[in-house]
1. Given the Cα-Cα distance of R141 and L12 and 0.36 nm per residue of separation, how much length would full extension add, in nm?
2. Mind checking which lysines have their C-alpha under 19 Å from K137, skipping anything on the same chain fewer than 8 residues away?
3. Take the alpha-carbon positions of the stretch 1-76, form their convex hull, and give its projected area averaged over all directions (one quarter of the hull surface) in nm².
4. When only DSSP loop residues count, what trypsin sites (Lys or Arg not before Pro) in the stretch 1-98 have their Cβ near at most 13 other Cβ atoms within 10 Å?
5. Between E44 and I67, what length in nm is gained on full extension when 0.36 nm per residue of separation is reduced by their alpha carbon distance?
6. Considering only C-alpha atoms, what is the centroid distance from the stretch 6-46 to the stretch 71-112, in Å?
7. Using Cα positions and a limit of under 23 Å, work out the lysines in reach of K101, with same-chain residues fewer than 8 apart set aside.
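Derivation of every value follows stated rules applied to the coordinates shown; laboratory data play no part. This structure is a prediction, so every number in the text was calculated from the model and none was measured. Methodologically, a virtual Cβ is constructed for each residue, glycine included, from the backbone with ideal geometry; neighbour enumeration extends over all protein chains shown.
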Amino acid sequence: MTMKVKAIEKKLKFTKDPNDAGVYRYVMSPEQYSSLNQKKVIKEAALRSGVSQGVMQACWDAAGEVIKAWATEGHSVALPGLGTMRFGLRSKSVEDVNKVKTGLITSRRIIFTPDTDLKDELKNTAIVITCYDRDGKEVKRVTSDDDAEVEDPENENANQNENQNQGGSTNTGGGNSGGSAGFETGGE
């Protein structure tokens, strides 16, 4: 299996100054294949499992409702063969308990934590980067030789320096501990 990535030369500006001429940088993003709609996924799952599409659709719908209900109650919910999903939030911290209010919440989040097999699959997937200049001409192809590190959203403290550059969030939610809603706080 190979993941295809494109690196396109784009002009980036880092200020709002109209005199800022900007700089050209190669910006990478995964090449998006067509989105697989639910009907196609149901059909393939039914074929692989040997059950009818109607039964598979009913199971799919029921599983989705259960996952949504349990996640909104604060549970970390298993997604078969994939990992877990839970809801979380980012918020500002305050020293005084009297200042705690919902206005401190800066965003609500969906947190997906892949299981080990899925992370291993991603780690073992080769990456091919195709580079295009600002005129759209292909100028280079690169095949991965990186250390294939896979980000771990459950262990954000291991990447503390990265998080500090992104607002200083700290994960204070538990993994699979029933009542955890995956809350996060960030310093002011």
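1. Details: separation 129, 0.36 × 129 = 46.44 nm, distance 2.24 nm.
Fully extending the segment from R141 to L12 adds 44.2 nm.
2. The qualifying lysines are K4, K6, K10, K11.
3. Working: hull surface 39.0 nm².
Dividing the Cα hull surface by four gives the mean projection, 9.7 nm².
4. Taking the stretch 1-98 and a limit of 13 other Cβ atoms within 10 Å, the loop trypsin sites (Lys or Arg not before Pro) found are K13, K16.
5. Values: separation 23, 0.36 × 23 = 8.28 nm, distance 2.13 nm.
The span from E44 to I67 would gain 6.2 nm if fully extended.
6. About 27 Å separates the Cα centre of the stretch 6-46 from the one of the stretch 71-112.
7. Excluding near neighbours in sequence, the set is K92.
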